[in-house]
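Here's the structure we're looking at; comments come further down.
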Amino acid sequence: MGLIYTFFYAVLFPFYTAVFYMLVKKNGYNPDLKERFVLYEDDADNTLWFHCASVGELNLSKPLIDIFGKKYRIIITVSSPRGKDYAKKLFPYAVVRSAPFDFPFLIKKFLSIYRPKALIIAEGELWYNLITVSSKYIPVISINARISQKSFERYRKIPFFYRKIYNSFRLVIARSKSDIRRINKFLHHRSKATLCGDLKFVSSKKAKKVEFTKKGKILIAGSTHAPEEKVILNVFKRLKEKHPDLQLIIAPRHTERINEVIKLVEQAGFSFSLRSKTDRPETDIYIIDTLGELSGFYRYADVVFIGGTFAPVGGHNILEAVLQNKPVVIGKYYDKIKDMVEELLPEGVVKIAKDENELIKEVNSFLKSDGIRTDFGKKGKDILNCYINKINKILEEEHGEK
């Protein structure tokens with residue numbers, strides 16, 4: 001299997017490399033071919049290797065990298081040039097390299113330079129030689145492992161290929177029950193897979209602190225798309241009859257739509273203020289026309305609607321609100337965040353509304369409630385400790401380390 005994969009990878013490699021080079025140069029990045037061919041030397045002592053595709057995986061892995069970085073020299077490989085630049089800023093104490101091209105001889109050369117104790121791979125990076133070759137020399141661990149239903153259907157078309165990859169892991173730590181069920185379909189021994197939970201409960205960035213004068217109850221509509229503003233304005237108008245002090249904060253997903261949103265608000269007959277103009281709004285509606293501040297506003301909310309769920313987008317980040325112990329209501333289009341939603345539904349922190357009437361009902365129920373009682377801070381700590389203990393156990397078994 002490995003020879004067949006490597007043969008086709010080699011055949012397609014010139015075309016892939018040429019396209020990769022042009023795209024990277026076009027976006028102003030260094031293609032880093034010297035590093036991708038491992039044309040360098042380095043010192044190696046007591047190292048632990050983390051592989052992350054790009055920015056998202058780096059953020060996800062940060063809590064683990066920071067903790068293990070106290071004991072090991074951390075080596076981080078990334079797949080994208082943007083990810084490499086970001087990793088250098090995020091982990092100034094680590095050695096950051098572009099990932100080697102997926103040839104066995106390059107993986108072996110990288111291993112011979114750094115001699116890592118283990119390779120820890122974030123989420124869905126399933127490079128065949130990276131995993132199968134490394135596994136012959138060191139433990140390879142998958143963290144926050146996931147397989148979407150769509151990917152699962154694709155993997156099942158060539159099961160022998162993915163069985164080889166998944167069975168090369170020493171340990172697969174899955175983020176959800178649905179992921180572990182799909183992963184187990186490819187494992188010879190289910191004991192290789194374990195469930196710790198989603199590291200996003202730990203790694204989600206802390207909300208930016210924003211100043212805002214709160215008066216009365218607040219409904220936030222975050223990351224909205226058309227026609228969600230029109231829906232939420234109707235909801236707000238009807239809820240205002242039950243909650244006269246209710247204020248609405250709207251944060252469109254794309255700030256270039258601000259004028260469009262303003263027009264809808266004016267047509268609905270509400271007064272409004274812009275975030276860029278004041279932090280003491282005396283109006284019915286406050287429109288966030290700035291970047292990077294939405295998460296900071298969630299702490300003022302009594303209930304949050306997350307956009308991209310009434311519009312058929314698939315949903316946006318619900319954790320920024322949930323981790324601040326704010327209840328969330330979403331629409332029926334949430335396939336991009338399905339696993340997270342299903343994990344949180346039993347907690348009662350997330351509600352799904354299929355139409356405008358249900359949205360009014362669910363938002364109103366949260367407005368009348370006493371808030372969320374689940375301690376998501378503790379949940380995050382439990383998840384992180386689970387990952388640390390599982391990884392430490394592998395390192396102890398392999399190297400006698402504690």
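The values are calculated or read from the model by the stated rules, or taken from the named source; none is laboratory data. Worth saying up front: this structure is predicted, and the values here are computed from it rather than measured. FYI the Cβ positions are ideal-geometry reconstructions off the backbone, even for glycines, and counts take in every protein chain you see. Protein only, heavy atoms only, side chains kept; ligands, DNA and RNA dropped before computing areas. Shrake-Rupley method; radii C 1.70, N 1.55, O 1.52, S 1.80 Å.
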- Message: Taking the condition of being without any contact (Cβ under 8 Å) to a residue 40 or more places away in the chain and either touching a His at 6+ places or on another chain (Cβ under 6 Å) or acidic (Asp, Glu) (or both), how many residues in the stretch 376-396 meet it?
- Response: 1
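Where in the stretch 255-308 are there strands (runs of 3 or more DSSP E), lying wholly inside it, with at least 2 residues that are under 15 Å from residue 328 (Cα atoms) and at pLDDT 95 or above?
Working: elements: 272-274, 285-287, 303-306.
Hits in the stretch 255-308: 303-306.
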- Message: Going by what's in this entry, would residue 30 be described as assigned to a loop (DSSP other than H, G, I, E, B) and either at pLDDT below 95 or under 30 Å from residue 196 (Cα atoms) (or both)?
- Response: yes
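For the stretch 142-162, state whether one or more residues are among the small types (Gly, Ala, Ser), in a loop (DSSP other than H, G, I, E, B) and under 21 Å from residue 388 (Cα atoms). Walk me through it before giving the result.
Residues of the stretch 142-162 that are among the small types (Gly, Ala, Ser), as a first pass: 142, 145, 148, 151.
This time we only want the ones that are in a loop (DSSP other than H, G, I, E, B), so: 148.
Pick out the ones that are also under 21 Å from residue 388 (Cα atoms) and you get none.
Looking for residues that are among the small types (Gly, Ala, Ser), in a loop (DSSP other than H, G, I, E, B) and under 21 Å from residue 388 (Cα atoms), one finds none in the stretch 142-162, hence no.
Quick one: in the stretch 117-131, which of the residues that are of a type outside the set (Phe, Trp, Tyr) and in a helix (DSSP H, G or I) is surrounded by the fewest Cβ atoms within 10 Å (Cβ to Cβ)? Show your work before the answer.
So in the stretch 117-131, the residues of a type outside the set (Phe, Trp, Tyr) come out as 117-126, 129-131.
After this cut, where a residue has to be in a helix (DSSP H, G or I) as well, the list is 129-131.
Working: 129: 21, 130: 26, 131: 23.
Top of the filtered list is 129.
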- Message: For the condition free of Cβ contacts under 8 Å to residues at least 40 places away in the same chain and either under 28 Å from residue 209 (Cβ atoms) or in contact with a Gly (Cβ under 9 Å, 6 or more places away or on another chain) (or both), what is the one hit in 343, 320, 347?
- Response: 347
- Item | Pair list, Cβ under 8 Å, 6 or more apart: the stretch 186-212 residue among the polar types (S, T, N, Q), other residue open to solvent by 40 Å² or more (accessible area, probe 1.4 Å) | 194/390; 203/62; 204/317; 204/320; 204/323
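Being open to solvent by less than 100 Å² (accessible area, probe 1.4 Å) and within 20 Å of residue 301 (Cα to Cα) is the filter here; which residues of the stretch 266-284 pass it?
Hits for the stretch 266-284 are 270, 271, 272, 273, 274, 275, 276, 278, 279, 281, 283, 284.
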- Item | Output for the stretch 104-144, where each listed residue is of a type in the set (Ser, Thr, Tyr) and more than 20 Å from residue 83 (Cβ to Cβ) | 112, 128, 132, 135, 137
- For residues that are on the phi < 0 side of the Ramachandran plot and either open to solvent by less than 10 Å² (accessible area, probe 1.4 Å) or in a helix (DSSP H, G or I) (or both), tally how many sit in the stretch 309-327. 8
- Message: Looking at (1) under 30 Å from residue 367 (Cβ atoms); (2) open to solvent by 10 Å² or more (accessible area, probe 1.4 Å), which one does residue 210 not meet, given that it meets all the others?
- Response: (2)
- Note on the structure: Every listed condition ((1) farther than 24 Å from residue 60 by Cα; (2) modelled with pLDDT under 95) holds for residue 148 save (1)
- Message: residue 230 - would you say it is open to solvent by 40 Å² or more (accessible area, probe 1.4 Å), within 26 Å of residue 353 (Cβ to Cβ) and among the charged types (D, E, K, R)?
- Response: yes
- Would you check which residues across the stretch 162-212 are of a type outside the set (A, V, I, L, M, F, W, C) and closer than 30 Å to residue 249 by Cα and list them? 198, 200, 203, 204, 205, 206, 208, 209, 211
- Read through the list (1) open to solvent by 40 Å² or more (accessible area, probe 1.4 Å); (2) on the phi > 0 side of the Ramachandran plot, then give the number of the only condition that residue 189 fails. (2)
